[in-house]
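Remarks on the structure that follows.
The values are calculated or read from the model by the stated rules, or taken from the named source; none is laboratory data. Source: prediction; values computed, not measured. In this analysis, Cβ positions are derived from the backbone assuming ideal geometry, glycine residues included, and neighbour counts consider all displayed protein chains. Heads up: the accessible areas ignore ligands, DNA and RNA and are worked out on the full protein's heavy atoms, side chains in. Shrake-Rupley method; radii C 1.70, N 1.55, O 1.52, S 1.80 Å.
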Amino acid sequence: MKTDALIDSLARDAGPVRPLRSPLRRIWGWLAIALGFAGAMVWAIGPRPDLTERMLEARFLLEQGAALATAITAAMAALALTMPDAARIWRWLPVVPAVAWLGTLGLGCLRDWAQMGPEGLRLTPDPECLVYIALIGSLPLLALVLMLRRGAPLRPSWTLALAALAAAAIGNFALRLFHMQDAALMVLVWQVGAVALIAAIAALCGRAVLRWPGVPA
Amino acid sequence: MSPASEGAPNSGSSERRHAALDGLMRAAQQGDRHAYHLLLQEVAQRMRRLIAARAPWLGQADIEDIVQDVLLSLHMARATWDPARPFMPWIAAIARNRLTDHARRYKRRQAFDQAASDLAEVFSTTPGQSHAEGVVNLMSVRSAMADLSPGERRAFELVRLRELSLAEAAQQSETTVGAIKVAVHRASRKLKRAINTGGEERK
């Protein structure tokens, strides 16, 4: 097709478009969907019996707060990566909460070791974490991908990895409300490990899911 | 006054031209097809000029391919432009991204990287200057290529432009690695000499 013909056809088909709002303003709709779905899943599976006690524990609140903050900032960073002239600061936003999340769990491992010795760092298989996190993260990820596809796929692998990180962190946040597992090393390996694995797989699928028109994957 | 009639984006100072493009894009987002048509033409013209200047070995069809990709990308992403912000950095980010994609395809990363870093500059220079620059580059290379023997031209094309290994190039030309090496060396020397002379003659 000749370029002039392409210009004619693009101009002919172009109706009005509503400019996308900033990630800070778009995030709330996604968060409502993600937390709504996660809440429904927790309700359906049944919250852990000691949830009230846990809610009074600073360590639990800190870990959950860091997971939720990682989810929110990763989702905002993913949205910002699809805006061509967004400030670079957006993409670094998840670093602080993610480090805080890993840090609180790392410190938790040390505390478990101090309190219980080697028994506190026992690692037993807990693969269902991955299944639950993927299940609870699925709808939030789908919703976020639909939002991302309205933007520009400038960095598809990073964008999808951040989106999956956000969704899986929501999954992990919900998982801890019904799954009786608080040993820091177990959470770090099986839960945060699952979140990282999901984000890594998403990075590999980035170019297939988010791409420019007319370019093969 | 409608944004589309703020003046042709080609005329006036660089700020005014940029402001005119902002106005065209704002109108385009609101559904003004005429403004959008003008804007696409302007972007196409600037991209064409930029690519021809920085990658003169590309054929017309390849250049148009890239221009069309940028236009399609602009079209797809047009809702991501914030009307409160300038149009230039936005389209430059998209164009840089698409040039990088094409650089992978053409394996001429360095030249495209150069083009990408020059984007801001080229988008703000007057059309006449960068067009003349592109033509000079293109003419120098064309005339220099004409001086090569068919064997040298083919060897140069395979090894330097398509970046095949010496062995692959030798296999494709049904000759030896040594012969390819010599031909590429001679071609490079002749091209260098011809481009230098061409540049001096035009000064």
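Some points to look at:
- Unmet criterion (only one of (1) within 23 Å of B:D82 (Cβ to Cβ); (2) at the interface with another protein chain (Cβ under 10 Å from one of its Cβ atoms)) for B:E64: (1)
- Lone qualifier among B:R33, B:R48 - being open to solvent by 10 Å² or more (accessible area, probe 1.4 Å) and in contact (Cβ under 8 Å) with a residue 12 or more places away in the chain: B:R48
- Inside segment A:25-60, residues that are within 14 Å of another protein chain (Cβ to nearest Cβ) and out of contact with any Leu (no Cβ under 9 Å at 6 or more places or on another chain) make up a count of 1.
- Segment B:67-89, residues that are over 17 Å from B:A28 (Cβ atoms) and either more than 8 Å from chain A (Cβ to nearest Cβ) or β-branched (V, I, T) (or both): B:V67
- The single residue among A:A78, A:A5 that is over 27 Å from B:L40 (Cβ atoms) and within 14 Å of chain B (Cβ to nearest Cβ) turns out to be A:A78.
- B:D113 at pLDDT 90 or above and either more than 10 Å from chain A (Cβ to nearest Cβ) or touching a helix residue (DSSP H, G or I) at 6+ places or on another chain (Cβ under 9 Å) (or both): no
- A:A86 assigned to a helix (DSSP H, G or I), closer than 30 Å to B:R26 by Cα, within 14 Å of chain B (Cβ to nearest Cβ) and in contact (Cβ under 8 Å) with a residue 60 or more places away in the chain: no
- Filtered by the rule that a residue be free of Cβ contacts under 8 Å to residues at least 40 places away in the same chain, among the charged types (D, E, K, R) and within 25 Å of A:L81 (Cα to Cα), segment A:3-44 gives A:R18, A:R21, A:R25.
- Scanning segment A:46-90 for residues that are within 17 Å of A:I133 (Cβ to Cβ) and open to solvent by 70 Å² or more (accessible area, probe 1.4 Å) returns a single hit, A:P47.
- Residue in segment A:102-115 that is under 29 Å from A:L162 (Cα atoms), open to solvent by less than 10 Å² (accessible area, probe 1.4 Å), touching a residue at least 24 places away in the same chain (Cβ under 8 Å) and not hydrophobic (A, V, I, L, M, F, W, C) present: yes
- For segment B:27-61, a residue qualifies if it is at the interface with chain A (Cβ under 9 Å from one of its Cβ atoms) and basic (K, R), and the qualifying residues are B:R33, B:R48.
- In the set A:L142, A:L123, A:L188, only one residue is touching a helix residue (DSSP H, G or I) at 6+ places or on another chain (Cβ under 9 Å), of a type outside the set (S, T, Y) and modelled with pLDDT of 95 or more; that residue is A:L142.
- Out of A:R176, A:R207, sole residue that is of a type in the set (D, E, K, R) and under 14 Å from A:I133 (Cα atoms): A:R176
- Hey, B:E163 modelled with pLDDT under 75 and not in a helix (DSSP H, G or I) or not: yes
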